[in-house]
Amino acid sequence: MSEILEYADRAWRGEESLRAYHAGECRKEGLVELGENLYMWPAFGNVYVLRTSQGLFLYDTGDRRTAEELFAAVRALTPDRVHTAVYSHGHLDHAFGMRPFDEEARQNGWTQPTVLAQENLVPRFDRYRRTHGYNESINRRQFQAPGFRWPGEYRYPDVTYRAQATLDLGGEHIELHHAKGETDDCTIAWIPERKVLFSGDFFIWSSPNAGNPQKVQRFALEWAQTLRWMAGLGAEMLLPGHGLPVVGAERIRETLGNAAELLEAIYGTTVDMMNEGATLDEILRTVRTPEHLLEKPYLRPSYDEPEFVVRNLWRLYGGWYDGNPAHLKPSPQAELAAELASLAGGAEKLARRAQELAEAGSHRLAGELVQFAADASPVPEIHEARADVFSQMEKAATSTMAKGIYAWAVVESQAAIAGTDPVAELRTRTAGRMRWSV
């Protein structure tokens, strides 16, 4: 067993964290061998390389920031050309590393590598072009990355498929299957003869990312169904989009089955309550994710949160109206905030009460009150309280998504106090810190 697989075994058992993986230590020596002619590039978005007699097969290509590093690692292993690359989906950490390989082919007069993806990836890239500024801002916020730039160029696939496709490269039989999960353009790769399963982001060593509050629709039911299907394949090596490999048929069945059970629990209660006429607020206060699942080292809510999955299910099936008639055509936030501040005796009282609540651990209520205070009276003293409250909420949050949004609220207030802008304040706050962006 290679060092990375030994590490993965310890991590799965809860004996070691993924800190070394996330810090990039696993790829210091380049590509990591997982089996005969099979290699892993353990980056933020993993890349897998399969050597065949016809050339290299890549499952995912990583992100643009590590593209040259990936290229150098592949070339340190072999001069073989890239024959085919498959995108697991169109997110920036999975489908933006082809440029060096394409340039190599052009410079040497080779046939350009074939990039293959599910057909929904094309309109995804088209949408990215239309929403460039929005995507840049939400990624800066989510990942506390002030220097993040949303790309303006995209390597579209040369070939697309709808439901299933088969590749035969130098004796390697690779099955591609489409399913909905984190996105609507997911591709799973399965090599039956090797019993190797490339799951993409259906499994990421975290609670499934089925609820991201700032991004487009996720598909929790289809995700769970796909996890069940994958669990039944009999795979002996599971290669995830993020995190470490999982080895052993029984362990893989258990891992994927537990992830499916988590989503099924959230989905079942949410939809049952929707069918009974419950409001979104009632559902959010009722749904509980089984704790024994969230305690698994590979299902902890470190990126997304189950609560956000509930909201995404409501968005999918119920639209934007949450069941509260006051929210159908609400007053402007500033008007409501001013009225509440007046009733409370001033915005300062709201802000002070918010800080008291935050200190007592009532973070949600504190956040509501301090935001009302800032909307009613956006003066430096109020913004100091707002920065304090949301800083406490950021520290208490467990998921990347919540931390990013709360941290952005802090820098908004710091910018209001200093007369600068949030990006400038974020640069000061995050100086020296590494942040990943997708």
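Within segment 358-375, residues that are within 19 Å of Ala402 (Cβ to Cβ) reach partners that are among the aromatic types (Phe, Trp, Tyr) and open to solvent by less than 50 Å² (accessible area, probe 1.4 Å) with beta carbons closer than 8 Å, at six or more positions or on different chains, in the pairs Gly367/Phe390; Val370/Phe390.
For segment 9-27, taking the residues that are of a type in the set (Lys, Arg) and farther than 14 Å from Phe44 by Cβ, the one that is most open to solvent (accessible area, probe 1.4 Å) is identified as Arg13. Here Asp80 fits the description: of a type in the set (Asp, Glu) and either under 18 Å from Trp190 (Cα atoms) or touching a Ser or Thr at 6+ places or on another chain (Cβ under 9 Å) (or both).
Take the residues of segment 156-170 that are of a type outside the set (Ser, Thr, Tyr) and free of Cβ contacts under 8 Å to residues at least 60 places away in the same chain: which is most open to solvent (accessible area, probe 1.4 Å)? By that ranking, first place goes to Arg162.
For segment 133-150, a residue qualifies if it is surrounded by 14 or more Cβ atoms within 10 Å (Cβ to Cβ) and either among the hydroxyl-bearing types (Ser, Thr, Tyr) or in a helix (DSSP H, G or I) (or both), and the qualifying residues are Asn135, Glu136, Ser137, Ile138, Asn139, Arg140, Arg141, Gln142, Phe143.
Here is the figure for segment 334-343: residues that are open to solvent by 90 Å² or more (accessible area, probe 1.4 Å) and of a type outside the set (D, E, K, R) total 1. Might you let me know whether segment 229-242 holds any residue that is in a helix (DSSP H, G or I) and open to solvent by 30 Å² or more (accessible area, probe 1.4 Å)? Within segment 229-242 (the criterion being in a helix (DSSP H, G or I) and open to solvent by 30 Å² or more (accessible area, probe 1.4 Å)), the answer is yes, since at least one residue qualifies. What's the number of the condition Glu153 fails, among (1) open to solvent by less than 50 Å² (accessible area, probe 1.4 Å); (2) closer than 30 Å to Trp408 by Cβ? Failing condition for Glu153: (1). Are any of the residues in segment 173-183 among the hydroxyl-bearing types (Ser, Thr, Tyr) and closer than 25 Å to Glu68 by Cα? Within segment 173-183, not a single residue is among the hydroxyl-bearing types (Ser, Thr, Tyr) and closer than 25 Å to Glu68 by Cα.
For segment 311-327, a residue qualifies if it is open to solvent by 60 Å² or more (accessible area, probe 1.4 Å), of a type in the set (A, V, I, L, M) and closer than 25 Å to Tyr267 by Cα, and exactly one does: Leu316. Residues in segment 253-291 that are β-branched (Val, Ile, Thr), surrounded by fewer than 21 Cβ atoms within 10 Å (Cβ to Cβ) and either in contact (Cβ under 8 Å) with a residue 24 or more places away in the chain or not in a helix (DSSP H, G or I) (or both): 3 in all.
Taking segment 174-195 as the range and being open to solvent by 50 Å² or more (accessible area, probe 1.4 Å) and either touching an Asp or Glu at 6+ places or on another chain (Cβ under 6 Å) or among the aromatic types (Phe, Trp, Tyr) (or both) as the test, the residues that pass are Lys180, Lys195.
When restricted to residues that are touching a helix residue (DSSP H, G or I) at 6+ places or on another chain (Cβ under 6 Å) and either acidic (Asp, Glu) or touching a residue at least 60 places away in the same chain (Cβ under 8 Å) (or both), segment 404-426 contains 7.
The values are calculated or read from the model by the stated rules, or taken from the named source; none is laboratory data. A quick note: this is a predicted structure, and the numbers were derived from the prediction, not measured. Please note: Cβ atoms are built from the backbone with ideal geometry, for glycine as well, and neighbour counts cover all protein chains shown. In case anyone asks, the SASA skips ligands and DNA or RNA and just uses the protein heavy atoms, side chains included. Shrake-Rupley method; radii C 1.70, N 1.55, O 1.52, S 1.80 Å.
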